[in-house]
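The values are calculated or read from the model by the stated rules, or taken from the named source; none is laboratory data. Since the structure is predicted, the reported quantities are computational estimates derived from the model, not experimental observations. Neighbour counts are summed over all protein chains in view; Cβ atoms, including those assigned to glycine, are modelled from backbone coordinates with ideal geometry. For accessibility, only protein heavy atoms count, side chains too; no ligands or nucleic acids. Shrake-Rupley method; radii C 1.70, N 1.55, O 1.52, S 1.80 Å.
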Amino acid sequence: MKVYFLTVLSVLFWSIQQAVAQQSIVTIQITEEKTPVPFASVQVTSLTDSSKVWSQTADSLGKATLKLHYGLYTFQASAVSFKPVSRSFNVKIPNLNFSISLASNTNELKEVKILASKPLMRQEDDKTIVDADMLASTSASAYEVIEKTPGLFVDQEGSIYLTSSTPATIFINGREQKMGAADIASMLKSLPPNSIASIEIMRTPSAKYEASTGGGIVNVILKKGFKVGLTGSVNVGMNQGKQGDRWIGFNLSNNPGRVSSFMNMQYTSRNSFQQVESQRFLPRDLSLIQNSYTLRPSDNYQLGYGVNVELKKKWELGYDGRLNYNNNKSTSDNLSQIKDFVKNEISVSNKTDLDNIGSAYNFSQGLNAKYKIDSLGSEWTSDVSFNYLPATSSQNYTFLPAIPQTGGFGDVKTNLSIGSLQSNLLYKFPKRWTMETGLKISNLSFKSNRDFFKSENNTQSNDPIRSGIYDYHENINSAYTQLSKSFGVFILKAGTRLENTNMKGREVFPSDTSFNLHRTDFFPYMYFSGKTGAIFGFPLRTTLIYRRTIARPGYQLLNPAQRFVDLYSYESGNPALKPQFTNTYEINISAMDVPLFQLGINDTKDIFTSVLYSDKNQPTVSYRTTDNLGTNRETYLRLFGGIPPGKKYFFIIGAQYSNNSYTGLYEEQPLAFRRGSWRVFTYHTMKVTPMTGIWLQGFAMFNGQQQFSELSNFGALNFGLNQQLLNKKLTLSLSLNDALRTSNPSYRLEQGSIRTSVSNVFDTRRFGLSLRYNFGLLKKEQQNTDPFNVESPEKENH
């Protein structure tokens with residue numbers, strides 16, 4: 001692999017020499033009184049051949065870079081609220097840099113309409129940015145927006161996967177959410193879908209981000225309002241399968257000037273079911289056959305709010321918060337039978353009725369500050385956040401017939417608090433040098449109190465197995481430094497991150513399972529990217545990345561408490577888990593900021609994996625836990641293609657191949673497991689009329705796997721129609737999710753002494769209807785309703 005990367009590097013450096021010899025790199029800085037004007041439109045025309053025209057949008061720092069042959073050109077720059085400027089210039093040196101100052105014409109404008117829109121996906125350095133507006137209109141929650149995002153895979157437990165077999169880390173507005181997958185899924189389900197501005201996907205994040213993000217990062221950017229005016233929306237909707245969801249909410253944002261504020265609120269009533277049929281082979285020619293049906297109603301309440309203040313064009317201060325409340329229930333009927341294959345008869349038959357009732361809060365508060373150091377884009381940012389998540393739940397289970405225990409019941413109370421403080425400095429030096437450095441301190445505290453009883457012969461007694469008290473504390477201190485340098489159209493980044501980890505956990509009852517972990521590790525990062533050619537007239541950018549990461553077991557995986565599932569199975573954590581380390585190597589190619597090709601390798605040591613073991617004391621009972629099983633090498637390949645936005649029809653299609661190879665021990669026996677999987681995903685949209693659009697989104701997985709479980713082929717096709725009314729202020733959306741009812745994966749597991757197969761049926765085929773009404777008093781109206789119009793921004797005077 002190293003030889004391959006060195007070869008590619010040699011080719012790239014040869015390309016640099018060829019590019020410099022033939023063309024000039026022209027960098028244009030667009031400012032207003034030395035302040036950068038972001039996203040200005042730039043157009044360059046050759047004076048010797050007027051048919052040669054180059055158009056580009058400046059970046060967030062007001063810079064536009066073009067590759068031009070020597071000669072005479074006319075340059076024109078324009079931006080909303082500024083007067084356009086034209087200038088002629090002569091390109092006759094290898095590197096040409098100049099600045100253009102725009103003058104404001106705000107007083108002359110009464111209204112501005114921006115008719116351009118962003119594509120669904122675009123590549124920006126080491127991250128893919130997905131515009132969520134197209135996906136939000138037919139989604140019931142932010143969680144469904146993520147489910148419909150091309151290239152993301154969400155499993156049954158709410159974990160989100162990119163390319164790696166390790167789940168991705170979820171960020172919201174750049175802050176890591178150090179909660180369990182189920183807690184994060186519950187929070188995302190309570191967020192309204194149109195509260196998401198974009199989704200940033202980082203498969204190999206830089207040294208700026210925590211080294212624990214080996215599975216990549218999915219950063220959900222929430223909307224904070226428009227630039228000028230008072231705007232808002234009201235949304236109401238439903239979807240219906242065998243069960244159904246209902247929701248209603250509103251968004252409000254206000255920005256009359258330097259102070260902006262926002263608020264959103266949503267109530268969602270959800271209901272779903274899951275039917276599971278399984279068969280597990282037991283010793284002595286026996287088989288355990290189970291059939292369960294679970295119903296899961298829940299109510300979610302969400303409130304989000306925040307304010308942002310700009311001070312003297314240098315300081316920017318912000319505060320945001322979220323309050324979530326969730327109450328949920330689940331009722332499960334599980335029929336279990338033990339069959340003797342020799343006698344061909346049922347030897348044991350019983351039923352377990354299980355009821356769970358729970359409620360949880362999430363108080364999330366954050367403060368952030370930004371100081372703009374200079375006009376080059378240097379800035380100092382700081383962020384402090386705190387999350388508090390108390391939860392209570394009760395469980396009641398009954399066995400029929402009694403064996404002799406008739407059932408049990410109990411309560412669980414948990415408290416989770418998470419706090420973090422970080423400060424980052426980005427400084428841009430002359431000659432295209434950039435330095436990034438920062439510090440972060442994070443603390444997590446989790447407490448659990450379980451009080452369970454069992455009923456036997458009409459008497460109640462304490463259940464010492466399921467009762468217990470568990471405390472967990474985690475402190476991570478980190479620092480990073482990263483340098484980047486631009487060489488014409490090429491960028492080189494190199495950095496390292498130091499992390500000091502302190503973890504302490506203890507179950508004081510029924511047995512002492514104390515553990516302590518203290519360690520300090522370095523995590524290097526390398527990134528090399530540049531324009532290396534063109535295809536069909538679109539410039540290509542090739543990127544090479546190396547990164548080392550860590551995955552720490554969280555409080556959920558370390559908690560040894562037994563969680564009752566049914567009479568023959570339970571779940572338990574493993575306090576002996578060790579952290580896993582991964583080295584990632586990747587090469588990717590993009591065109592016009594859209595990813596086309598990615599090839600990578602993840603080498604993981606001490607990988608911890610969800611496993612199923614037989615209870616040594618009860619052969620008919622199995623338990624699910626997590627264990628370090630050895631090493632894993634994952635090789636992945638991703639391909640994208642499609643028609644770019646611009647006309648009535650637009651689509652993207654992608655495919656990913658992943659090959660996983662495990663070596664290690666399973667139940668103290670040698671393990672060798674290898675499997676290759678394909679995942680295909682696509683998104684299509686067509687503008688039937690200026691007010692009507694239809695879309696299709698789908699995915700399919702072939703020969704898939706979820707760690708050691710071998711999945712059947714499955715997928716989903718989702719259809720929708722958007723109709724705009726009342727001068728585009730009212731949007732009516734119809735949808736049909738999982739139209740063919742094919743998103744019901746079954747799986748089998750054959751490792752060690754475990755031989756089991758499971759089939760699932762979910763309530764996934766649903767018809768949806770939603771209405772959203774936009775209102776407001778705007779000085780500037782932003783219209784992203786037409787994803788096919790990619791003309792340059794136009795100004796309309798009224």
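Return the total of residues in region 271-301 being at pLDDT 90 or above and either aromatic (Phe, Trp, Tyr) or more than 21 Å from Ser709 (Cα to Cα) (or both).
Here the count works out to 12.
Over 23 Å from Asn475 (Cα atoms) and not acidic (Asp, Glu): which single residue out of Lys370, Lys447, Lys440 fits that description?
Among Lys370, Lys447, Lys440, only Lys370 is over 23 Å from Asn475 (Cα atoms) and not acidic (Asp, Glu).
Scan region 660-674 residue by residue and report those that are part of a strand (DSSP E or B), without any contact (Cβ under 8 Å) to a residue 60 or more places away in the chain and either acidic (Asp, Glu) or exposed (fewer than 14 other Cβ atoms within 10 Å of the Cβ) (or both).
If the condition is that a residue be part of a strand (DSSP E or B), without any contact (Cβ under 8 Å) to a residue 60 or more places away in the chain and either acidic (Asp, Glu) or exposed (fewer than 14 other Cβ atoms within 10 Å of the Cβ) (or both), then Leu665, Pro670, Ala672, Arg674 are the ones that fit.
Check off (1) over 20 Å from the mean Cα position of the chain (by Cα); (2) modelled with pLDDT of 90 or more for Asn602 and give me the number that stays unchecked.
(1)
May I ask you to list the residues in region 297-335 that are of a type in the set (Gly, Ala, Ser) and within 26 Å of Lys242 (Cα to Cα)?
Once the filter is applied, which keeps residues that are of a type in the set (Gly, Ala, Ser) and within 26 Å of Lys242 (Cα to Cα), region 297-335 yields Ser298, Ser330, Ser332.
Quick one: in region 17-35, of everything that is in contact with a strand residue (DSSP E or B) (Cβ under 6 Å, 6 or more places away or on another chain) and open to solvent by 20 Å² or more (accessible area, probe 1.4 Å), which residue is modelled with the highest pLDDT?
Step by step, filter region 17-35, then rank; the result is Gln29.
Could you check how many residues of region 374-406 are among the charged types (D, E, K, R) and touching an Asp or Glu at 6+ places or on another chain (Cβ under 7 Å)?
Of the residues in region 374-406, 0 are among the charged types (D, E, K, R) and touching an Asp or Glu at 6+ places or on another chain (Cβ under 7 Å).
If I ask for residues that are hydrophobic (A, V, I, L, M, F, W, C), in a strand (DSSP E or B) and over 18 Å from Leu711 (Cα atoms), which ones from region 732-768 would you list?
Leu732, Leu734, Leu736, Phe767
Which of the residues that make up region 676-692 are free of Cβ contacts under 8 Å to residues at least 60 places away in the same chain and either at positive phi or assigned to a strand (DSSP E or B) (or both)? Before the answer, list the steps.
As a first pass, look at region 676-692 and keep what is free of Cβ contacts under 8 Å to residues at least 60 places away in the same chain: 676-678, 680, 684, 686, 688-689, 691-692.
Across region 676-692, the qualifying residues are Gly676, Ser677, Trp678, Val680, His684, Met686, Val688, Thr689, Thr692.
So, in region 302-328, of the ones that are crowded, with 17+ Cβ neighbours inside 10 Å and under 17 Å from Thr392 (Cα atoms), which residue ends up nearest to the chain's Cα centre (by Cα)?
Asn324
Which of (1) buried (at least 18 other Cβ atoms within 10 Å of the Cβ); (2) closer than 30 Å to Leu749 by Cα; (3) touching a Leu at 6+ places or on another chain (Cβ under 8 Å); (4) among the hydroxyl-bearing types (Ser, Thr, Tyr) does Tyr683 not meet, given it meets every other one?
Failed condition: (2).
All but one of (1) open to solvent by less than 50 Å² (accessible area, probe 1.4 Å); (2) over 25 Å from Leu389 (Cβ atoms) hold for Asp299; state the number of the condition that does not hold.
(2)
What strands (runs of 3 or more DSSP E) lie completely within region 494-600 and have 2 or more residues being within 30 Å of Val276 (Cα to Cα)?
563-566, 569-571
Tell me which of these Ile653 doesn't satisfy, since it passes every other one: (1) modelled with pLDDT under 85; (2) assigned to a strand (DSSP E or B); (3) open to solvent by 70 Å² or more (accessible area, probe 1.4 Å).
With respect to (1) modelled with pLDDT under 85; (2) assigned to a strand (DSSP E or B); (3) open to solvent by 70 Å² or more (accessible area, probe 1.4 Å), Ile653 is out only on (1).
Kindly provide the set of residues from region 36-57 that are among the β-branched types (Val, Ile, Thr), modelled with pLDDT under 75 and in a loop (DSSP other than H, G, I, E, B), ordered by number.
Thr48
Residues in region 623-645: is at least one of a type in the set (Val, Ile, Thr), over 22 Å from Val680 (Cα atoms) and open to solvent by 50 Å² or more (accessible area, probe 1.4 Å)?
Yes: region 623-645 contains one or more residues that are of a type in the set (Val, Ile, Thr), over 22 Å from Val680 (Cα atoms) and open to solvent by 50 Å² or more (accessible area, probe 1.4 Å).
Cβ-Cβ distance below 7 Å, separation of 6 or more or different chains: which pairs start in region 459-488 with a residue that is more than 25 Å from Pro524 (Cα to Cα) and end on one that is charged (D, E, K, R) and open to solvent by 40 Å² or more (accessible area, probe 1.4 Å)?
Close Cβ pairs (under 7 Å, with a partner that is charged (D, E, K, R) and open to solvent by 40 Å² or more (accessible area, probe 1.4 Å)) amount to Ser461/Lys454; Asp463/Lys454; Ser467/Asp451; Asp471/Lys447; Asp471/Arg506; His473/Lys504.
Of these, Lys127, Lys110, Lys92, Lys83, which one is surrounded by 17 or more Cβ atoms within 10 Å (Cβ to Cβ) and either at pLDDT 75 or above or not hydroxyl-bearing (Ser, Thr, Tyr) (or both)?
From the options Lys127, Lys110, Lys92, Lys83, the qualifying one is Lys127.
How many residues are closer than 19 Å to Asn424 by Cβ and either among the charged types (D, E, K, R) or part of a loop (DSSP other than H, G, I, E, B) (or both) if we restrict to region 178-203? Full working, then the answer.
Kept after step one, since they are closer than 19 Å to Asn424 by Cβ, are these residues of region 178-203: 178, 200, 202.
From what is left, the residues that are either among the charged types (D, E, K, R) or part of a loop (DSSP other than H, G, I, E, B) (or both) are 178, 200.
Adding up the residues that qualify gives 2.
For region 339-361: of the residues being outside any strand (DSSP E or B) and touching a residue at least 40 places away in the same chain (Cβ under 8 Å), which is most open to solvent (accessible area, probe 1.4 Å)? Full working, then the answer.
Initial filter on region 339-361 (outside any strand (DSSP E or B)): 341-344.
When the remaining residues are screened for being touching a residue at least 40 places away in the same chain (Cβ under 8 Å), the result is 341-342.
On the way: Phe341: 93, Val342: 109 Å².
Step by step, filter region 339-361, then rank; the result is Val342.
In region 58-80, which residue that is more than 40 Å from the chain's Cα centre (by Cα) and not aromatic (Phe, Trp, Tyr) is modelled with the highest pLDDT?
Within region 58-80, the match that is modelled with the highest pLDDT is Thr74.
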